[in-house]
Amino acid sequence: MLRLALRNLWRRPLRLALTVAGVALGVSVWLGLMGLGDGYRRGLRTELDRAGVQLMLVPLGCPYDAAARVLKGRTLETSLPASALEAVRSDPAVAVAAPLLIAAVPRPSEQRTDLWVGLDPAARGIKPWWHAKSGRDWFAETNGVILGSEAAQLELRSPGDALHSPELSETFRVEGVLERSGTSDDSLFFIPLARAQQIFGEQDRLTAVAVRLRDPAELRGAVERLQQIPGAQVVTMTEMMGTFLRLLGTVRTLLLALTLVAVAVAALGVLNTLLAAVVERTPELCLLRAVGASRLQIMGLVTVEALLLALLGALLGIALTVGAGEGLEQAVRPLIPLAPARGLLQVGPDRIAQCLGAVLAGAIAAAAYPAWRAGRLPPAQAARSE
């Protein structure tokens, strides 16, 4: 039956190719969407967990956008007064309060923008991954700079080398290169906080204060107290992750509706192909009935053809998603808030199995009417056709 089904499908190569392509497109869109959702959720949770931060003090404005920018090492349009840091550190629930000053340094000649981060020793308390791959893991000089792993590769610098920034008119000494962390910190330039405030003209100003509590159970009370700091607001990492996941869920619902349309079109393509094949092969199917084939065998033949179409399309769609995954990830990454540094698209075996199961079930549903119609063909019609 399998050989006969393959031969029947191959009779119309163009129709076969179009049907398989339609199924492949629907599968690729569906699998890509699910993979992006899974990768984003897993990556976001991993980055927030690795950040070692439970809440963040940011300037007034949109707290979630501000916190996302800080975690990704981006600048803010407003800043906090240095007095906010003292207020945070005086709170009894706070174990670590790490001030941050983030500044963007455009380099038009190289078509890129460097991000410089000023921090003090408290930062190591919220960055558990902070370890030097080579050189020192903290500053010994005021003009020292510690490079993230990717920044060191980009600048071709090692500990002890001089790093001149024409845009800042400053020359730094590379004191260390950090181990790769898999976060946005890999591409950053770290310098002492006081030096950063001096270079960027932000004396006694901060971009944000990252906070880790002594006991997570004290979160609610700490937030209520820190919200009283003038010109500042508090956002917790749990709230931020929930907000982004809800946003992702809304967008995902809209995209899923489009995906269902694509899948429905693919199923209709399979239905149309099978109906046309049944009509074209009516004399042949009647002859099979005349020589002893049962109705169930005829219906099974049509169903096998549908499953073959779906399986070919699904395999092609999976290959397309995996092959074009990097390009798809690069295309959607700028549109996703707080996108993880790596692995945004994750297509696991469970998703592939789920996709295959759904596609094969859809193929059986699409084959129901053509198979029923083929099974009802009378054997006597074979003689009339002759």
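Below, the figures for the structure above:
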| item | result |
| --- | --- |
| Two-site FRET efficiency, residue 224 against residue 124, from Cβ-Cβ distance with R₀ of 25 Å, rounded to 0.05 | 0.35 |
| Volume per residue that the Cα convex hull of segment 133-249 spans, once the total is divided by residue count, Å³ | 171 |
| Normalised alpha carbon radius of gyration of segment 61-230 [divisor 2.2 N^0.38 Å] | 1.05 |
| Antiparallel DSSP beta bridges within segment 61-230, as percent of all bridges there, nearest 5 | 75 |
| Förster radius 51 Å - calculated FRET efficiency between residue 353 and residue 107, Cβ distance, rounded to 0.05 | 0.65 |
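Where a number appears in this text, it was derived from the coordinates with a stated rule and is not lab data. Computed from a predicted structure; not experimentally measured. Please note: Cβ atoms are built from the backbone with ideal geometry, for glycine as well, and neighbour counts cover all protein chains shown.
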